[in-house]
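Notes for the one structure printed next.
The values are calculated or read from the model by the stated rules, or taken from the named source; none is laboratory data. Predicted, not measured: the structure shown is a model, and the values here were computed from it. No Cβ is skipped: glycine too gets one built from the backbone with ideal geometry, and neighbour counts run over all protein chains shown. The protein model used for the area step is the full one, side chains on, heavy atoms only, and it has no ligands, DNA or RNA in it. Shrake-Rupley method; radii C 1.70, N 1.55, O 1.52, S 1.80 Å.
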Amino acid sequence: MAIQHASHHSSMTGQWIPSTCGMCLHGCGIRVQVVDGVAVKIEGDPTNPDNLGKLCPKGNAGLSRLYDPTRILKPMKRTNPAKGPGIDPGWVEIEWEEAYEIVARELGRVRRDDPRKLLCAIGDFQRIILWGWPAVFGSPNFFTSLGNYCGGSYHPVNGMVDGSFAAINDYAYCNYWIQLGSGDGFSSHLHVSGSTKRMADARMRGMKVVVVDPRCSPAAAKADEWIPIVPGTDRAFVLGMAHVLVHELRRYDRQFLREHTNAPYLVGEDGFFWRDERGRAQVWDLRVDAPRPWNDVPREAMALEGTFQVDGHRLRTGFQVWKDILVDHTPERMAEISTVPASTIRRLAREFVGAAQIGATIEIEGKVYPFRPAALNYYRGAQSHANGLLDNMTYKLFNMLVGNIDVPGGHLGVPLDHRGFFISPGEDGMIKPEPHQLHPIPPFKYPPDSTHLMEWFPIGFDAGQLNAETLLEPERFGLDYQPEVLLLYHSNPLWNMPETDKIEQIMRRMKFIVAIDIHLTESTQWADVFLPDRTYLESTLLNCLEPPVVTGHSLRQPVVEPLGDTRDAYEILTELAERLGFLDDWNDLLNVVCGFVANTTYMLDPDRRYTVEELWDRFARSVYGDDRGLEWFKRHGHAVRYRTPEETYMPYGDLRIPFYFEYVKRVGAQLRQQMEAAGITDWRFDNYVPLPFWKNSPVIEDGERGYDFYAITFKEALHTFADTVVMPWLTEVSEKDPVHQGILINRATAERLGIETGQRIRLVSPAGRIEGRAQVVEGIHPQVVGVSNAITREYVTNPTVRVKGAHFNRLLTGSMRYTDSATGGLESTARVRIEVID
């Protein structure tokens, strides 16, 4: 295949070409060996400090994506009007002009009628600048759960705390690392190739790692200690440790809480800050034993704890409110919920606060910082739940108790991209909350314009899973239109969305579906027209996305001539924008998202078509100066460098970060008023609270309905999203690992149920069911079954890859009951019962 399709340019013979990996969203630096126009090997770029010359299995397998014999290399149209799983579309190849004409005609029809009738499923993270194309078209609709599945509650809370998009513990200085439901540093999440090296180095110097996870994951297997836990109860475990620090040990960083957070601010009985006649938040001034405006009291004179009476009103500090909440969150009570023994909760709390070295300092490059070398890190498994806001708030507050937010050794914010932390002054000396970093905060509207109700989640992430409810019951939500056309752009909603059967129902209603992708999937096989994109080894962009310790862009550039008759997704969308009559608006949007409005020298002209290289050359020059345009990047590969201490530590400076999330409560109160004015009386506001506490989730309550077990899904370094699961090289490796070959079940549980490895079993949840072969293991909680994402695909075109079909998302529910009412985060765990088939 490689010899047949690759060009033979002598200029490429025997070259090592620098580029950027596109096998996940983060983009490690790579170099590709090209011989006689054929890419023959991919290695990590040793000059790139992000991945330090390392590559994960996916990065090493990139050639099998470029030269996959099942790639679509020419536009195609459907000839069979029947659609559905397993139905042959009757594809025929067509020329680009015909493909564009068909797509422009169908999209133009709905745009003239009502542009909201376009549904969009977009999942190309590295080309995130293109995500705004549907908005310019006129559609607000987001028909995918990508992003929300993992970070629906995570990203907004990070943005509210320190203007970051993600978070990680300090690899350089942390000495005690607790990890909840995350593969950071071992198998997944932030820039795994470089992070595994940094984690290994930290452990070699003596850092202790404690992993809390329902499954003995790669992180758990390599940790100093693995603590099994019931899925979705990590918050209870951490609340129990917080109780120990506050009520039993009374060890917490009073100075940090008093000087760098709003924990001293006084709170009234209504849950809002106590303010004077000028609207200024009050603190208790210990010098005069009375409330005073926060900016009139020296920090050392502010009361951190206490309950006070003022003119008949009961006031407490924000810290005191949480202290009171924690009274009944004892290790014994939290142990009953999480199954982590109370003695373990107490021991880890003691170890953690001891390792934090409260009061210590460290000098780095001539500047003295607080030194807190203990931190709690977490990701999807610990917080992608129906109460995800409370989960994330709990973990942040626990870290704040030891004063480790954005200080050496502690819990560090990770910016979205090269722009760094989104930090600006807010009210009352606080950092301005930034829950929305991918698009502006949507104003409330009734009826809503979006099918995922973005207008009803003022601090939320796009809750794409709600399409399964809103589009099948539009009258419940006031939707006054029905979508007719679907744009699929490197997204597979039939794989990534909950309640697959309902997503199929929605797709059957579409009058036209267009797909921009490189291969056929569960979703793209429903398309009427398929527009073939180029792979990352044939395309151009500059990438900088969620880098944990570095900043700066790495260039993705073509290393071979594009195969077949494919085109870059940017060029496809730009062509369609011109044919549909909004090229000017498209260029205006690119001016905003690329930052050209800040330097008008590089702004795009409204009516001019720009090539992909022209666009990225302007972007490079706008960020790095005219001496570092695209040609410079082609030679050097990247401009990646380590972040400086000033860019990393305490980026909020003298601004305070939220300990008491009054902003969340205030936004919830405003939304309630707007809902009531619109006549909506059945919307939930239960998670718009300023402080976290324990309450049961609907998944826990499902146990009362006869669903005795918890089902989780997991991924490791072999796979990212759906497309890597069907790559032969990676499948060959994963099929040699038993954890990727069946539904994991604990040995004691299997013996009790009479189940042996290899038996076919069925998992039944309130939403659906899946089948697979049991894989009996020791390394999973007795109440839990696990499904690797390696066995979840139901549609495979490569004959060397077996269909395994245990599609986990069929078990999940996409309704509001299983969605965080404040953030829109979905519930990623299901309660199930186990049935033996044979």
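Brief remarks follow.
- Estimated D of the range 664-723 in µm² per second, where Rh is the Kirkwood radius over Cα pairs and Stokes-Einstein applies at 20 °C, 1.002 mPa s: 137 µm²/s
- In this view, the solvent-accessible surface of Phe186, computed with a 1.4 Å probe and all protein chains in place, comes to about 30 Å².
- Shape category assigned to the range 455-526 from the gyration tensor of Cα positions, a/c cut at 1.5: prolate
- About the Cα centre, charge dipole magnitude for the range 68-163 (Lys/Arg +1, Asp/Glu -1 at Cβ), debye: 280 debye
- Diffusion coefficient (Stokes-Einstein, Kirkwood radius over C-alpha pairs, 37 °C, 0.692 mPa s) for the range 119-248: 190 µm²/s, rounded to a whole number.
- In order along the range 574-583, the phi-based Karplus estimate (6.51 cos²θ - 1.76 cosθ + 1.60, θ = phi - 60°) of 3J(HN,Hα) comes to 5, 4, 5, 4, 5, 5, 8, x, 10, 4 Hz; Gly and Pro are listed as x.
- Note, ³J(HN,Hα) from phi for the range 77-92, Karplus 6.51, -1.76, 1.60, rounded to Hz, x at Gly and Pro: 10, 7, 10, 9, x, 6, 9, x, x, x, 8, 5, x, x, 4, 10
- Shown is the FRET efficiency for Glu305 and Glu778, computed with R0 = 41 Å from the Cβ-Cβ distance and rounded to the nearest 0.05: 0.35.
- Lysines whose Cα lies under 24 Å from that of Lys222, excluding same-chain neighbours fewer than 8 positions away: Lys54, Lys58, Lys197, Lys208, Lys715, Lys736
- Normalised alpha carbon radius of gyration of the range 271-362 [divisor 2.2 N^0.38 Å]: 1.46
- Partners of Lys74 within straight-line reach, counting lysines whose Cα lies under 20 Å from its Cα and excluding those fewer than 8 residues away in the same chain: none found.
- Solvent exposure ordering (accessible area, 1.4 Å, most first) of Leu190, Leu146: Leu146, Leu190
- Label separation (Ala221 vs Arg666): 4.9 nm, computed from points 7 Å beyond Cα along the C-beta direction.
- Dipole magnitude for the range 749-838: about 220 debye, using +1 per Lys or Arg Cβ and -1 per Asp or Glu Cβ, origin at the Cα centre.
- For Trp91, distant residues with modelled amide H under 5 Å away: Thr79
- Kirkwood radius and radius of gyration were both taken over the C-alpha atoms of the range 683-838, and their ratio Rg/Rh is 1.01.
- Among Ile516, Leu573, Val35 the positive-end extreme of the charge dipole of the chain (Cβ point charges): Val35
- Long-range Cα-Cα pairs in the range 543-622 (distance over 19 Å), rounded percent: 46 percent
- The base-10 log of I(q)/I(0) for the range 410-535, evaluated at q = 0.12, 0.14, 0.20, 0.21 Å⁻¹, reads -0.64, -0.81, -1.15, -1.20 [Debye formula, identical scatterers on Cα atoms, solvent excluded].
- Beta bridges per DSSP, both residues in the range 688-838: antiparallel share near 65 percent.
- When the Cα gyration tensor is reduced to axis lengths a ≥ b ≥ c, the ratio a/c is 1.5 or higher for the range 198-253, and with a/b not above b/c it is classed as oblate.
- Amide H contacts under 5 Å for Val310, placed H, 5+ residues apart: Leu315
- Rounded to the nearest 20, the Cβ-based charge dipole of the chain about its Cα centre (Lys and Arg +1, Asp and Glu -1) stands at 1500 debye.
- Modelled spin labels at Lys445 and Ala678, positioned 7 Å past Cα toward Cβ, are 1.0 nm from each other.
- Note on the chain: Kirkwood hydrodynamic radius from all Cα pairs is 27.8 Å, rounded to one decimal.
- Rounded to the nearest whole Hz, the Karplus-based 3J(HN,Hα) values (6.51 cos²θ - 1.76 cosθ + 1.60, θ = phi - 60°) of the range 725-732 follow the sequence 5, 10, 8, x, 4, 6, 5, 4, with x at glycine and proline.
- Rg ratio for the range 218-341: its Cα radius of gyration over 2.2 N^0.38 Å, N being its residue count, equals 1.32.
- Measuring how big the range 145-215 is from its alpha-carbon positions, Rg and Dmax come out at 13.1, 39 Å.
- For Arg608, solvent-accessible area (1.4 Å; no DNA, RNA or ligand), Å²: 90 Å²
- Calculated FRET efficiency, Asp605 to Arg752, Cβ-Cβ distance, R0 = 60 Å: about 0.30 to the nearest 0.05.
- Mean shadow area of the range 314-386, taken as a quarter of the surface of its Cα convex hull (nm²): 8.2 nm²
- Ordering Leu130, Thr20, Ala774 by Cα displacement along the dipole of the chain toward the positive end leaves Ala774 in first place; charges were set at the Cβ atoms of Lys, Arg (+1) and Asp, Glu (-1).
- Only protein heavy atoms count here; on that basis, with a 1.4 Å probe, Glu332 has an accessible area of about 90 Å².
- Extension gain for Thr361-Glu332 works out to 7.0 nm (0.36 nm per residue, less the C-alpha to C-alpha distance).
- Where a label projected 7 Å from the Cα of Glu473 along Cα→Cβ would reach, residues of the range 790-829 with amide N under 17 Å: 812-821, 827
- Taking amide H as placed 1.01 Å from N in the peptide plane, Ala166 has its amide H under 5 Å from the amide H of Val414, each at least 5 places away in sequence or on another chain.
- For the Cα trace of the range 580-652, dividing Rg by the Kirkwood Rh returns an Rg/Rh value of 1.08.
- Rounded, prolate or oblate (a/c below 1.5 giving rounded, otherwise prolate when a/b exceeds b/c) for the range 25-175 by Cα gyration tensor: oblate
- Cross-link partners of Lys634 among lysines (Cα-Cα below 19 Å; sequence separation of 8 or more within a chain): Lys41
- Pairwise label distance in nanometres, Val836 with Arg762, each label 7 Å out on the Cα-Cβ vector: 1.5 nm
- FRET efficiency, Asp324 to Val35 (Cβ-Cβ, R0 41 Å, nearest 0.05): 0.05
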